[in-house]
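Novice: Before anything else, here's the structure in question.
The values are calculated or read from the model by the stated rules, or taken from the named source; none is laboratory data. Just so it is clear, the structure is predicted and the values come from calculations on it, not from any experiment. Neighbour counts run over all protein chains shown; Cβ positions are idealised from the backbone, glycine included.
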């Protein structure tokens, strides 16, 4: 309710995807003007939005999915606002990182979120090797069309760990797959998954050493 009120009260809405945001605004009868702000036009639009903010306008930043600023160019706009002493007010909402972690059943007291995995296999494996000894729960975003090869690389580098794959959390086609990495691969099979995917993977498990037992 607070988010809807803010969208009605601000002078302008900066939307990552104006098509999705226009559906939301029409559904709730919100007539606030909106403009696009995404990775392809962020440099040009940042100056435009900054000039509006300096004039005293209030602007709401809306992402395509999840929380603005998390793995999207919104963080650069936030940096610009901070540099210009413009106040920023967070409006809590869904975040795939926390939502996926909360239903994973994996340890939540310590976790490491690394955003999207690299596109190329070599860079992806290099990153995974850096994380091999991390004991915290690991969280990644992944694109559906790279999912199969990413899971192969994760299995190859990290071993057959416990994992949870979540898709389209809080949306109509929400799906949660659990098991070892190899088991999740089998559950997916030849299916062509679509939508927002988050991978939650167990951290390095300390091996049992009987000499450490009194």
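Novice: Looking at residue 18, is it surrounded by 11 or more Cβ atoms within 10 Å (Cβ to Cβ), farther than 19 Å from residue 82 by Cα and modelled with pLDDT of 95 or more?
Specialist: So residue 18 fails the test.
Novice: In contact (Cβ under 8 Å) with a residue 60 or more places away in the chain, surrounded by 11 or more Cβ atoms within 10 Å (Cβ to Cβ) and out of contact with any strand residue (DSSP E or B) (no Cβ under 8 Å at 6 or more places or on another chain): is that true of residue 81 in this structure?
Specialist: Criteria not met by residue 81.
Novice: If a residue must be within 17 Å of residue 18 (Cα to Cα) and out of contact with any helix residue (DSSP H, G or I) (no Cβ under 7 Å at 6 or more places or on another chain), how many such residues does region 40-61 contain?
Specialist: The number of residues fulfilling the criteria is 5.
Novice: While we're looking at this one, here's another question. Condition first: modelled with pLDDT of 95 or more and either in contact with a helix residue (DSSP H, G or I) (Cβ under 8 Å, 6 or more places away or on another chain) or on the phi > 0 side of the Ramachandran plot (or both). Can you find one or more residues in region 201-213 that meet it?
Specialist: yes
Novice: Considering only region 30-76, state which residues are without any contact (Cβ under 8 Å) to a residue 12 or more places away in the chain, within 22 Å of the chain's Cα centre (by Cα) and part of a loop (DSSP other than H, G, I, E, B).
Specialist: 40, 41, 69
Novice: Just give me the residues in region 149-177 being closer than 22 Å to residue 203 by Cα and within 19 Å of the chain's Cα centre (by Cα), in sequence order.
Specialist: Answer for region 149-177, where residues must be closer than 22 Å to residue 203 by Cα and within 19 Å of the chain's Cα centre (by Cα): 150, 151, 154, 163, 164, 165, 166, 167, 176, 177.
Novice: Please name all residue pairs, on different chains or six or more residues apart, with Cβ atoms under 7 Å, provided the first residue is in region 96-119 and is assigned by TED's automatic domain parsing to the domain that holds residue 175 and without any contact (Cβ under 8 Å) to a residue 12 or more places away in the chain and the second residue is surrounded by 14 or more Cβ atoms within 10 Å (Cβ to Cβ) and not in a strand (DSSP E or B).
Specialist: Listed by first residue and then by second, the contacts come to 118/124; 118/127.
Novice: Any residue that is outside the structural domain of residue 73 (by TED's automatic domain parsing), more than 22 Å from residue 70 (Cβ to Cβ) and modelled with pLDDT of 95 or more - is there at least one of those in region 163-176?
Specialist: Taking every residue of region 163-176 in turn, none turns out to be outside the structural domain of residue 73 (by TED's automatic domain parsing), more than 22 Å from residue 70 (Cβ to Cβ) and modelled with pLDDT of 95 or more.
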